[in-house]
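The values are calculated or read from the model by the stated rules, or taken from the named source; none is laboratory data. Values in this document were obtained by computation on a predicted structure and should not be read as measured data. Using ideal geometry, Cβ is built from the backbone for each residue, glycine included, and neighbour counts are taken over all protein chains shown. Note: accessible area is taken over every heavy atom of the protein model, side chains too, but ligands, DNA and RNA are not part of it. Shrake-Rupley method; radii C 1.70, N 1.55, O 1.52, S 1.80 Å.
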Amino acid sequence: MTNFKDVQNVQPLADFNWDEFENGARNEADKGDLTKAYDETLNKIQEHQVVEGTVISIDKKEVVVNIGYKSDGIIPASEFRYNPDLKVGDKVEVYVENQEDKCGQLVLSHKKARLQKSWENINKALENDEVIQGYIKSRTKGGMIVDVFGIEAFLPGSQIDVHPIRDYDVFVGKTMEFKVVKINQEFRNVVVSHKALIEAELEAQRKEIISHLEKGQILEGTVKNITSYGVFVDLGGVDGLVHITDLSWGRVSDPHEVVSLDQKINVVILDFDEEKKRIALGLKQLTPHPWDSLDPNLKVGDHVKGKVVVMADYGAFVEIQPGVEGLIHVSEMSWSQHLRSAQEFLKVGDEVEAVILTLDREERKMSLGIKQLKEDPWETIEVKYPVGSKHTAKVRNFTNFGIFVELEEGVDGLIHISDLSWTKKVKHPSEFTTQGADIDVVVLEIDKENRRLSLGHKQLETNPWDEYERIYTPGSVHEGKITESMDKGAVITLNEGGEGFATPKHLVKKDGTQAQLGEVLPFMVIEFVKDTKRIILSHSRTFEEVKDEPRRPRNSNKPQKNEAAAINNVAAGTSLGDLGVLADLKKKMEEGK
């Protein structure tokens with residue numbers, strides 16, 4: 001009911017036009033002023049900005065939010081699922097997507113507002129190096145997924161802790177503090193780190209620890225990590241490295257053989273660098289050096305047993321006790337003078353017996369030999385391989401001047417190229433045999449001091465030139481085959497054995513043509529020299545008109561022995577009446593010259 005007392009106090013407007021009001025008429029100027037006045041009562045908003053609004057109604061599907069604009073915005077209730085306590089009157093941030101859609105409705109988004117606000121917070125945290133909280137949602141390849149301000153960030157496994165993490169699953173479901181270390185604005189990727197917080201706390205602790213370190217100081221630590229090259233030890237806030245060579249006086253192939261993870265061990269500080277924060281530790285240095293405990297009675301010439309621990313081309317290292325090694329050089333593995341790779345004799349893991357050749361306790365060096373376990377074959381070389389003895393050897397290698405052969409391990413010899421064949425002219429030893437083949441030899445000479453044997457192969461047979469001297473007399477004709485042809489003549493292989501040589505003029509056939517390679521023809525011996533093993537032949541002499549007497553050997557101007565004897569016999573048994581016969585014989589001899 002209206003209070004008439006209040007009505008009596010209302011004063012009419014002095015300039016109000018009742019006629020226009022009753023007729024519903026109003027000029028355009030008044031309308032503009034009214035619209036302007038109405039608009040000024042509304043909030044001025046822009047699209048794509050985040051503003052604060054008030055929840056005015058909630059149902060299962062929608063939440064209506066008033067931001068002071070001419071219409072309210074409707075947001076899907078699913079965007080508030082994270083906040084089950086939402087109620088009418090709550091203030092919420094919303095993102096203005098569109099001031100007016102095709103239905104004239106204001107379009108808002110609470111999810112985008114949260115996301116944009118989250119990016120602003122994350123960028124601010126990176127810029128100001130702030131510590132933020134995040135919830136570890138799940139494990140992924142290489143690390144963890146962390147919810148930070150509603151955004152999924154990546155936590156690398158290496159950034160969880162200063163210590164290596166072996167089980168990531170224990171962190172899932174935990175809320176931890178982080179620092180934002182990297183943001184990719186283009187792809188909206190965020191990387192966070194928990195390790196960065198710990199490192200900042202440990203830095204001061206490291207400086208304090210390092211400032212009190214001294215070389216030779218013994219500390220207790222915990223094995224933090226084991227690698228192929230050494231062991232990292234936590235000294236209580238600062239890490240040091242025990243290199244694999246400092247784990248044991250003996251050789252270590254795998255650090256796991258010496259220590260295990262989380263093991264408590266004592267170590268000695270070998271060196272440290274305050275600037276680089278590197279600390280070199282040692283474990284073997286806590287025990288005496290094995291050389292100091294080596295048997296004092298051990299001396300050169302003694303036999304020792306050990307295990308091959310390292311192989312190289314030049315030799316093998318044998319460990320005779322942990323930390324004490326000796327080198328067997330490849331030259332001390334065999335009496336053979338042919339140096340080969342040490343791998344042909346030994347391999348890692350072999351148990352060997354050796355003789356001590358040198359021993360230097362101050363330098364902690366020892367050289368060993370295994371060939372000394374066998375008798376040196378050269379000590380009794382003249383007994384086993386006397387001059388003139390025959391043996392079978394193995395071809396080792398060739399040179400231009402001969403063949404090196406091995407009679408047994410450590411006993412080599414040389415067959416000179418001139419001692420390969422009596423008859424065949426060998427240009428290179430590879431024409432005669434092959435590497436690795438067996439060859440029969442006879443010992444020609446022994447040089448014990450220089451460990452050399454001179455051997456022969458042709459000496460196993462009788463010298464055929466003794467027989468050739470009887471067969472190939474000058475003037476005799478023999479059949480032969482042209483086996484080699486050259487500008488200066490041809491080599492002829494004779495049927496009875498041996499080779500001869502004929503110059504081009506002696507290769508002319510009866511029809512005037514030149515004899516060719518491969519032809520078999522008769523040849524006359526025109527010269528035979530045993531000392532130089534030379535037989536000069538001629539085919540043309542076999543059909544040319546020649547003297548009755550055969551050609552005498554070169555440098556033979558005197559009568560042959562038998563001829564001179566004949567002359568003397570004739571002269572002694574003749575009278576003056578028989579001098580005609582003597583004259584005829586003399587004439588015959590002169591014609592023979």
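Students often check this: by mean Cβ neighbours within 10 Å, which of 89-95, 325-331, 422-428 ranks highest, and how do the rest follow?
325-331, 89-95, 422-428
Assuming R0 = 51 Å, can you tell me the calculated FRET efficiency for the pair ASN266 and GLN49, based on Cβ-Cβ distance, to the nearest 0.05?
Approximately 0.20, to the nearest 0.05.
If contacts are Cα pairs under 8 angstrom and at least 6 residues apart, what is the relative contact order of region 44-127 in percent?
29
Taking 0.36 nm per intervening residue step and subtracting the Cα-Cα distance, what contour gain separates ASP169 from SER118 on full extension?
Between ASP169 and SER118, full extension yields 15.7 nm more.
Can you give the FRET efficiency to the nearest 0.05 for LYS424 and LYS305, using r as the Cβ-Cβ distance and R₀ = 41 Å?
It comes to 0.15.
If packing is taken as the mean number of other Cβ atoms within 10 Å per residue, what is the order of 436-449, 144-157, highest first?
144-157, 436-449
Roughly speaking, what is the stretch gain from GLN105 to LEU298, that is 0.36 nm per residue apart minus the C-alpha to C-alpha distance, in nm to one decimal?
Result for the pair: 59.2 nm of gain on full extension.
Suppose we keep just the DSSP beta bridges with both residues in region 145-254; what percent of those would be antiparallel, to 5?
Antiparallel bridges: around 95 percent, rounded to the nearest 5.
Please work out how much accessible surface TYR314 shows to a 1.4 Å probe, ignoring ligands, DNA and RNA, in Å² rounded to 10.
Answer for TYR314: close to 110 Å² accessible.
Please identify which residues in region 100-115 have an amide N closer than 13 Å to a label point set 7 Å out from the Cα of ILE74, following the Cα→Cβ vector.
101-108
Is region 469-536 best put as rounded, prolate or oblate by its Cα gyration tensor, with a ≥ b ≥ c the root eigenvalues, rounded for a/c under 1.5, and otherwise prolate when a/b is larger than b/c, oblate when not?
prolate
Over all directions, average the projected area of the Cα convex hull of region 169-256 and note it in nm².
So the Cα hull casts an average projection of 9.5 nm².
Tell me, in nm to one decimal, what length is gained between GLU97 and LYS488 on full extension, where the rule is 0.36 nm per residue of separation less the Cα-Cα distance?
129.8 nm
Output the pairs from LYS61/LYS137; LYS427/LYS510; LYS179/LYS224; LYS137/LYS224 with a Cα-Cα distance over 30 Å in this structure; if there are none, say none.
From the list (LYS61/LYS137; LYS427/LYS510; LYS179/LYS224; LYS137/LYS224), the Cα-Cα distance tops 30 Å for LYS427/LYS510.
Once ligands and nucleic acids are excluded and a 1.4 Å probe is used, how much of ARG340 is accessible, expressed in Å² to the nearest 10?
Result for ARG340: roughly 80 Å² accessible.
Could you work out the per residue convex hull volume over the alpha carbons of region 378-458, in cubic angstrom?
80
Taking a threshold of 23 Å on the Cα-Cα distance, which of the pairs LYS117/LYS182; LYS509/LYS530; LYS394/LYS533 fall above it?
LYS509/LYS530; LYS394/LYS533
Specify whether the C-alpha gyration tensor of region 44-127 places it in the rounded, prolate or oblate class, a ≥ b ≥ c being the square roots of the eigenvalues: rounded for a/c under 1.5, otherwise prolate if a/b is larger than b/c and oblate if not.
Here region 44-127 falls in the oblate category.
Modelling each spin label as a point 7 Å along the Cα-to-Cβ direction, I'd like the ARG251/ASP147 distance in nm, to one decimal.
5.8
Note down the accessible area of ARG114, probe 1.4 Å, to the nearest 10 Å².
90
Run the quick spin-label model on LYS182 and ARG361: label points 7 Å from Cα toward the beta carbon, then report their separation in nm to one decimal.
Spacing of the two 7 Å Cα→Cβ label points: 6.0 nm.
Give me the distance in nm between label points sitting 7 Å out from Cα along the Cα-to-Cβ direction at ASN463 and THR434, one decimal.
A separation of 3.4 nm, rounded to one decimal place.
Below 8 Å, C-alpha to C-alpha, sequence gap of six or more: please give me the relative contact order for region 366-472 in percent.
Here the relative contact order equals 27 percent.
Students often check this: by mean Cβ neighbours within 10 Å, which of 392-404, 289-301 ranks highest, and how do the rest follow?
Those peptides, ordered most packed to least, come out 392-404, 289-301.
Work out the FRET efficiency for GLU130 and GLN372 from their Cβ-Cβ distance, taking R0 = 56 Å, and round it to the nearest 0.05.
0.15
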